[in-house]
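So the structure is just underneath, and the comments pick up after that.
The values are calculated or read from the model by the stated rules, or taken from the named source; none is laboratory data. Quantities reported herein were computed from a predicted structural model and do not represent experimental measurements. Virtual Cβ from ideal backbone geometry, glycine too; neighbours counted across all protein chains shown.
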Amino acid sequence: MNPLQHKLASFSVVLGSKSPRRTQLLRDLGIEFEVCSKDVDESFSNDMHVEDVPQFLAEKKFLSIAEDIDENTFLITADTVVILDNEILHKPSGIEDAWNMLRKLSGKTHKVLTGVCFGTQQKHKSFVSYSNVCMTDLSDEEVQYYIEEYKPFDKAGAYGVQEWIGFVGVESIFGSYYNIMGLPVQALYRQIMNFDV
């Protein structure tokens with residue numbers, strides 16, 4: 001039994017996310033869990049600093065799902081945002097929106113922030129993980145091919161670093177690669193191991 005599995009042995013672990021990437025990353029940490037997602041209002045105040053948004057939304061998701069769990073459940077929620085020039089690039093609404101986002105990201109360095117909230121009904125904790133991604137200049141042909149073939153409409157910033165666009169477009173990363181995928185598993189592991197449950 002790995003150390004994290006041992007730590008959470010007395011709990012039923014639940015991942016509060018629809019993301020297949022988060023599901024895979026958490027599974028690769030070697031713990032058993034169920035997925036339980038819930039539609040949550042993801043609005044936030046316009047006065048909120050953009051870098052506070054992912055942690056705020058992760059906590060919002062946690063508190064919403066926590067209403068429906070019992071005291072023996074350990075819940076994990078997360079929210080990832082892409083930030084360029086102090087603007088949040090959400091999931092694109094369609095082809096044109098995805099195109100515009102990728103053209104904005106081309107040749108620039110952007111931030112990817114994932115907020116994570118975890119714990120039980122009685123006690124929870126949250127944190128945020130930061131990564132910087134340097135994107136090379138992307139041609140129109142590359143952007144068009146990626147959108148047509150991969151349809152990145154479920155991804156913040158209109159791209160997945162683990163997909164073709166990451167292979168040809170990402171020059172360098174400072175921070176966690178897995179954070180860019182949607183779950184900073186190394187930080188999550190350490191945070192839970194240090195969490196008094």
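Tell me, which residue of the range 1-37 that is among the aliphatic types (A, V, I, L, M), assigned to a loop (DSSP other than H, G, I, E, B) and touching a Phe, Trp or Tyr at 6+ places or on another chain (Cβ under 9 Å) is farthest from L63 (Cα to Cα)?
From the range 1-37, those among the aliphatic types (A, V, I, L, M) are 1, 4, 8-9, 13-15, 25-26, 29, 31, 35; that's our starting set.
Still in the running and assigned to a loop (DSSP other than H, G, I, E, B): 1, 8-9, 29, 31.
Right, trim to touching a Phe, Trp or Tyr at 6+ places or on another chain (Cβ under 9 Å) and you get 8, 29.
Working: L8: 20, L29: 24 Å.
The selected residue is L29.
Go through the range 7-51 and give me each residue that's closer than 20 Å to I65 by Cα and of a type in the set (S, T, Y).
Within the range 7-51, S10, S12, S17, S19, T23, S37, S43 meet the criteria.
Restricting attention to the range 163-197, which residues are of a type outside the set (S, T, Y), outside any helix (DSSP H, G or I) and modelled with pLDDT of 95 or more? Don't jump to the end; show me each part of the working.
First, pick out the residues of the range 163-197 that are of a type outside the set (S, T, Y): 163-171, 173-175, 179-188, 190-197.
Next, from what is left, pick out any that are outside any helix (DSSP H, G or I): 163, 170-171, 173-175, 182-184, 194-197.
Correct list: E163, V170, E171, I173, F174, G175, G182, L183, P184, N194, F195.
Does the range 183-192 contain any residue that is surrounded by fewer than 20 Cβ atoms within 10 Å (Cβ to Cβ) and on the phi > 0 side of the Ramachandran plot?
No, because not a single residue in the range 183-192 is surrounded by fewer than 20 Cβ atoms within 10 Å (Cβ to Cβ) and on the phi > 0 side of the Ramachandran plot.
With the range 83-157 as the region, which strands (runs of 3 or more DSSP E) entirely inside it contain at least 2 residues that are crowded, with 17+ Cβ neighbours inside 10 Å, touching a Phe, Trp or Tyr at 6+ places or on another chain (Cβ under 9 Å) and at pLDDT 95 or above?
Values: elements: 87-89, 109-119, 124-135.
Ranges flagged: 109-119, 124-135.
Pull out all pairs, ordered by first then second residue, where Cβ-Cβ is under 9 Å, the residues are six or more apart or on different chains, the first lies in the range 51-75 and is over 16 Å from P184 (Cβ atoms) and modelled with pLDDT of 95 or more, and the second is hydrophobic (A, V, I, L, M, F, W, C) and part of a helix (DSSP H, G or I).
Every condition considered, the pairs that remain are T73/A66; F74/I192; L75/F62; L75/I65; L75/A66.
Among (1) buried (at least 19 other Cβ atoms within 10 Å of the Cβ); (2) modelled with pLDDT under 95; (3) of a type outside the set (K, R), which single condition is G160 missing?
(2)
When you go through (1) of a type in the set (D, E, K, R); (2) closer than 15 Å to R21 by Cα; (3) more than 16 Å from the chain's Cα centre (by Cα) one by one for K155, which number turns out not to apply?
Only one criterion is unmet by K155, namely (3).
Return the pair list, or none, for Cβ contacts closer than 9 Å from residues in the range 1-25 that are touching a residue at least 12 places away in the same chain (Cβ under 8 Å) and under 22 Å from S176 (Cα atoms) to residues that are surrounded by 14 or more Cβ atoms within 10 Å (Cβ to Cβ) and of a type in the set (D, E), at least 6 apart or on different chains.
S17/D79
With the structure loaded, tell me whether S176 is of a type in the set (G, A, S) and surrounded by fewer than 18 Cβ atoms within 10 Å (Cβ to Cβ) or whether it fails that test.
no
When only residues in the range 47-64 that are charged (D, E, K, R) and touching a strand residue (DSSP E or B) at 6+ places or on another chain (Cβ under 7 Å) count, which is farthest from K111 (Cα to Cα)?
Taking the range 47-64 and keeping what is charged (D, E, K, R), we get 47, 51-52, 59-61.
Imposing the further condition that a residue be touching a strand residue (DSSP E or B) at 6+ places or on another chain (Cβ under 7 Å) reduces the set to 51, 59, 61.
On the way: E51: 9, E59: 20, K61: 22 Å.
Filtering first and then ranking leaves K61.
Collect the residues in the range 41-83 that are touching a helix residue (DSSP H, G or I) at 6+ places or on another chain (Cβ under 6 Å) and charged (D, E, K, R), keeping them in residue-number order.
E42, D79
Within the range 28-45, take every residue that is surrounded by 13 or more Cβ atoms within 10 Å (Cβ to Cβ) and at pLDDT 95 or above and give me the one that is farthest from the chain's Cα centre (by Cα).
Selected residue: F33.
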